[in-house]
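Following: one structure in structure tokens, then a few remarks.
The values are calculated or read from the model by the stated rules, or taken from the named source; none is laboratory data. These figures come from a predicted structure and were not determined experimentally. Cβ: placed from backbone, ideal geometry, glycine included. Neighbour counts: every protein chain shown.
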Amino acid sequence: MFHRSFSLAGSLCAGLWLLSIALFAPVHAQATDAKPPEQRPAAAPGQEPGKEPQKIDEFAEAQHALTGPAGNPECVWLGRRVVSLLWRDDLDTAFRHLDLYDRFGCPSGHIQATFRCLISHGSTIDPKAADSLNGRVHACWINPSTPAIPPSAAANPSPTTSR
């Protein structure tokens, strides 16, 4: 009886071992045939990997155009995020960001002026294009007193003749 149970246990272990080889061998073969990952260019010194130079330029532009704390990079980053979240009706997240904005000593009046500017340009924002909203928020952040474009002028561009 002992010989049969020992033989059965040995057969069971061998079967499990063969099953594990059958299941994991294709995964191992696929892993060794994989291409090496793409090499991305190294980031400039002091720049985060994957950070676009355009973002840094936007912060420099804001710091140059605005006086006071509204031009500080942390105020620009948080403030634009708050205005975008308000536009998309994500009020809970906007208020959490606004708390941080206030803790950094950023001017709350600039948020209000930027949001007012964004609302007055609302008809020119393409809801399907995130860049349209981000670009408009940035433009309003830099100059909140930008005159509004009338909806009729934004919807109907001036006619051109092509002959």
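Listing for the model above:
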item: Test result for THR114, of a type in the set (Val, Ile, Thr), over 20 Å from ILE56 (Cβ atoms) and surrounded by fewer than 20 Cβ atoms within 10 Å (Cβ to Cβ); result: no
item: Of the criteria (1) at pLDDT below 85; (2) within 22 Å of ALA130 (Cα to Cα); (3) in a helix (DSSP H, G or I); (4) not β-branched (Val, Ile, Thr), which one ALA9 fails; result: (2)
item: Pair list, Cβ < 9 Å and 6+ apart or interchain, from region 57-69 residues that are farther than 13 Å from ASN143 by Cβ and surrounded by 16 or more Cβ atoms within 10 Å (Cβ to Cβ) to residues that are at pLDDT 85 or above and among the basic types (Lys, Arg); result: GLU58/ARG80
item: Tally of residues being among the hydrophobic types (A, V, I, L, M, F, W, C) and surrounded by fewer than 20 Cβ atoms within 10 Å (Cβ to Cβ) across region 77-93; result: 4
